[in-house]
Each structure stands twice: as C-alpha cells, then as structure tokens.
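Participant: Input: one structure, supplied below.
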Amino acid sequence: MSDAVLEVRGLTKRYGAVHALKGIDLTVRQGSIYGFIGPNGAGKTTTIRIVAGLVRATEGDVLLHGVDLRKDRLAAAKGLRTLVEVPAFYGNLSGQANLEIFARLAGADRADVARLLERVRLTHAKDRAVRGYSLGMRQRLGIAQALLGRPDLVVLDEPMNGLDPAGMHEMRELIREENREHGVTFFLSSHLLDDIQRLCDRIGVLHKGALVAEGRIEDLLSSAVTGFRLRCADPAAARAVLVASLPEAKARLDGDGTVHVAGDASILPRLHRALLDAGQPVVEMYPVRASLEAYFLDLTEGVMG
Ligand code: ATP
C-alpha cells in the first residue's frame with residue numbers, strides 16, 4: 001500500500017487569461033513535513049485552496065489517502081485540516097470558546113483545547129474576545145484549531161505570517177513536535193527559505209505555476225556542487241599545478257590555506273592525477289555547494305522575495 005497522504009496529479013488552474021497552475025504533480029508521504037516554496041504569485045495559495053476545497057481546479061486530480069477529492073470529498077478530506085490565510089473566528093467569543101466550538105466539530109475534547117492553547121502560548125489570553133487579538137495571536141489560534149483532534153494531514157498556507165521571531169521559533173517547535181510525537185503530516189507553503197530549510201524534509205519549488213524541483217533538500221543541494229576545496233601539503237605549489245594543467249578549474253588559494261577549484265565531480269580524476277604526478281597529493285577534499293538560497297534564486301531566476 002502506498003504511504004502517500006496527498007497526491008496532486010496534473011493540477012491546472014486558469015483564472016481567465018491567467019494560467020496560475022500549469023499541470024503540477026507532487027506527492028506528500030505519511031509522516032513528512034513537506035515545504036511548498038516559490039516566489040509571490042507562483043501558485044502556492046491556489047494549490048492549497050484547491051486542496052482545501054475552496055477553489056475548483058480547471059484540470060487534474062487531488063487524492064487524499066488515495067481517494068479522489070472531487071469524487072468523494074467527505075471521505076477524502078477526513079483527517080485533513082487546512083489553514084488558508086488569516087483564519088476566521090467568532091470575534092465576540094473568547095479564544096477558548098472558539099476552539100471549543102471547533103473541537104466539537106473535530107471530535108476533540110476539552111483537554112486537547114487546553115493543551116493546544118498552552119502550546120501556542122495563548123493560555124493567558126484564552127478568556128479574551130478574539131476581536132482584540134493581534135494578527136500573530138489569531139495565527140497561533142488558527143494553528144491550534146488546525147491541530148485539534150490530531151488530524152492526519154495539516155495544510156498550512158504561510159503559517160509564519162504575522163509572527164515575530166520568537167513566535168516563528170515556537171511555531172516550528174510545535175510543528176516538529178506534532179510531527180514526531182503524534183505522526184501528523186504537514187504540507188506548508190512559505191516564501192521564507194529559512195523556514196523551509198529548518199523544518200521540512202522534502203520540498204517542492206513552484207515557479208510561475210510549474211513545479212521546477214522536487215525532492216529531499218539534501219538531494220537537491222547535492223546536485224548543486226559548484227566546486228571543491230582541497231588541502232595539500234603545499235597549497236601554492238598545488239594551485240600552480242592546477243592552473244597549468246586544468247585551467248578550466250580556475251584554481252585559487254583561499255584564506256584558510258585550501259585550494260578552491262570550480263567544477264563538478266567530472267574534473268576529479270584529472271585533478272587527482274595532475275597533483276599526484278606533481279608530488280602534491282590531495283590530503284583532504286570537501287565539496288562546495290551552492291547555498292539553498294543561491295540554488296532557489298537560480299531556479300526561480302532571482303525573483304524569490
Ligand atoms: P503569494 O506568495 O504572493 O501568496 P502564491 O504563490 O500563493 O503567491 P497565488 O496566490 O496562488 O500565488 O497566485 C498565482 C497566480 O494566480 C497569480 O498570478 C495571481 O495573480 C493569480 N490569481 C490568484 N487568485 C486569483 C483570482 N481569484 N483571480 C484571478 N487571478 C488570480
């Protein structure tokens with residue numbers, strides 16, 4: 001049996017002349033924290049709104065636990081919780097009263113309400129009317145609401161919006177804890193690279209309505225080797241050898257006493273041979289990778305914001 005919780009196949013969305021999604025495919029597996037990343041206007045919210053059932057796809061399928069969302073929404077969306085943009089609450093009711101209403105709908109108990117209020121640090125404000133909550137407080141209450149009753153899959157659109165750095169940190173901790181300790185799978189969008197890198201095990205990079213990369217962050221970055229750093233007994237001599245025999249590697253001396261060469265793994269056999277022949281064997285070698293940011297900037301043509 002497949003461990004896919006969410007599968008998106010050939011998802012296309014047109015808003016009149018705007019081609020917001022151009023046939024995207026992605027799979028979110030049980031137990032993962034999947035980051036959906038892309039610059040403004042890439043189509044992240046549109047995808048999430050379709051998964052949440054708020055917008056109809058022009059073409060393509062969304063399957064939750066293998067059940068087609070369009071064919072049987074009730075069965076497919078069992079165990080799915082979504083939080084899209086700023087959550088709507090009853091403004092004149094307290095935070096706790098709001099959660100209690102949603103808890104009844106989600107089949108969760110009062111202990112879960114108290115636990116989650118504590119977890120999102122709203123216990124002190126639980127009796128205050130939500131209309132007086134700040135944006136960050138509403139966002140935290142929204143996350144608590146999404147986690148009521150331990151859903152299988154939680155889909156969050158820009159969950160760090162409106163949170164201060166301490167709030168973001170707590171939110172990451174909460175997501176990690178729910179994932180590790182309670183097996184909740186997360187699918188979350190963000191345009192903040194840092195969030196994604198710290199939190200997610202898999203990512204999909206969306207750009208102009210198309211998925212331009214998908215996979216584990218380490219795997220994506222391992223394809224982003226830009227060069228190597230070498231340690232040799234005499235770095236200046238090693239550099240001179242490489243400048244003469246491998247000019248395309250643009251060997252240069254770095255301040256830490258290593259020799260930096262540009263290129264991918266295909267240069268390594270010739271590099272080792274040249275240095276060995278010159279009596280300057282490589283003592284240590286490290287790959288140099290593009291940073292996640294540089295990698296994404298490259299993929300999205302420098303428009304990540
Ligand atoms: P952001 O990070 O800015 O929220 P996003 O990746 O979530 O961006 P979407 O909001 O999904 O992107 O927008 C994708 C494209 O679809 C954009 O060109 C947007 O202008 C367009 N779009 C979204 N909703 C509508 C709508 N209701 N009517 C017309 N065009 C829309």
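Participant: What fraction of the DSSP beta bridges in the stretch 4-218 is antiparallel, stated in percent and rounded to the nearest 5? List each step's numbers first, then the result.
Facilitator: Working: 23 of 41 bridges.
Around 55 percent of the beta bridges assigned by DSSP in the stretch 4-218 are antiparallel ones.
Participant: With the full set of protein chains in place, find how many percent of the accessible area of the stretch 27-186 is carbon and sulfur; take the probe as 1.4 Å.
Facilitator: Numbers: 3510 of 7210 Å².
Carbon and sulfur: 49 percent of the exposed surface of the stretch 27-186.
Participant: Setting aside same-chain residues fewer than 8 positions from Lys78, which lysines have a Cα under 30 Å from its Cα?
Facilitator: Lys13, Lys22, Lys44, Lys126
Participant: With every protein chain in place, what's the accessible area of Asp157 (1.4 Å probe, Å², nearest 10)?
Facilitator: 10 Å²
Participant: Quick one: if the Förster radius is 51 Å, what FRET efficiency do Val283 and Arg216 give, using the C-beta to C-beta distance and rounding to 0.05? List each step's numbers first, then the result.
Facilitator: On the way: r = 31 Å, r/R0 = 0.60.
Rounded to the nearest 0.05, the efficiency is 0.95.
Participant: A follow-up question, please. Taking the chain as a Gaussian network, where each spring joins two C-alpha atoms under 10 Å apart, which residue of Leu220, Leu141, Leu156 fluctuates the most?
Facilitator: Leu220
Participant: Also, quick follow-up: Hey, what angle do you get for helix 95-106 against the long axis of the chain, alpha-carbon based, 0 to 90 degrees rounded to 10?
Facilitator: Relative to the chain, helix 95-106 is tipped by roughly 90 degrees.
Participant: If one takes the longest principal axis of the Cα atoms in the chain, at what angle in degrees, from 0 to 90 and to the nearest 10, does the Cα axis of helix 235-245 lie?
Facilitator: Between helix and principal axis, roughly 80 degrees.
Participant: According to a simple spin-label model (label point 7 Å from Cα along Cα-to-Cβ), what is the distance in nm between Glu100 and Asp61?
Facilitator: 4.4 nm
Participant: Here's something else I'd like to know. With the contact rule set at Cα under 8 Å and sequence spacing of 6 or more, what percent relative contact order holds for the chain?
Facilitator: Details: 573 pairs, mean separation 60.3, N = 305.
Value for the chain: 20 percent.
Participant: Shifting gears a bit: Report in % the part of the accessible area of the stretch 225-289 that belongs to carbon and sulfur, leaving out ligands and nucleic acids; probe 1.4 Å. Show your work: numbers first, answer last.
Facilitator: On the way: 2030 of 3530 Å².
Carbon-and-sulfur percentage of accessible area, whole number: 57.
Participant: When the Cα centres of the stretch 73-94 and the stretch 1-46 are compared, how far apart do they sit, in Å?
Facilitator: 19 Å
Participant: Another question, then. How far is helix 268-277 tilted, in degrees, relative to the longest principal axis of the Cα atoms in the chain, given as a value from 0 to 90 rounded to the nearest 10?
Facilitator: Long axis of 268-277 versus the principal axis of the chain: about 30 degrees.
Participant: Report, largest value first, the span of the C-alpha coordinates of the chain along each principal axis, in whole Å.
Facilitator: Extents along the principal axes: 78, 45, 39 Å.
Participant: Using the Karplus curve 6.51 cos²θ - 1.76 cosθ + 1.60 with θ = phi - 60°, what ³J(HN,Hα) values do you get for each residue of the stretch 73-90, in whole Hz, with x for Gly and Pro?
Facilitator: Calculated HN-Hα couplings, in order: 4, 4, 5, 5, 8, 5, x, 9, 10, 10, 9, 10, 6, 6, x, 8, 10, 7 Hz.
Participant: Per residue, how much accessible area does the chain show when a 1.4 Å probe rolls over the protein heavy atoms, in square angstrom? Can you show the working numbers first?
Facilitator: Values: 14470 Å² over 305 residues.
Here the per-residue accessible area is 47 Å².
Participant: Using only DSSP helix segments of four residues or longer, with each worth -39500 (n - 2.57), what per-residue ellipticity at 222 nm results for the chain after dividing by its residue count and rounding to 500? Walk me through the numbers before you get to the answer.
Facilitator: Working: 11 runs with 107 residues, N = 305.
The per-residue figure over the chain is -10000 deg cm²/dmol.
Participant: Going through the stretch 241-276, which trypsin sites (Lys or Arg not before Pro) have at most 13 other Cβ atoms within 10 Å and a DSSP loop state?
Facilitator: Sparse-neighbourhood loop trypsin sites (Lys or Arg not before Pro): Lys250.
The values are calculated or read from the model by the stated rules, or taken from the named source; none is laboratory data. Everything quoted here is computed from the prediction, not taken from an experiment. Positions of Cβ are backbone-derived with ideal geometry, glycine not excepted, and every protein chain shown enters the neighbour counts. We work out accessible area using only protein heavy atoms, side chains counted, and drop any ligands, DNA or RNA first. Shrake-Rupley method; radii C 1.70, N 1.55, O 1.52, S 1.80 Å.
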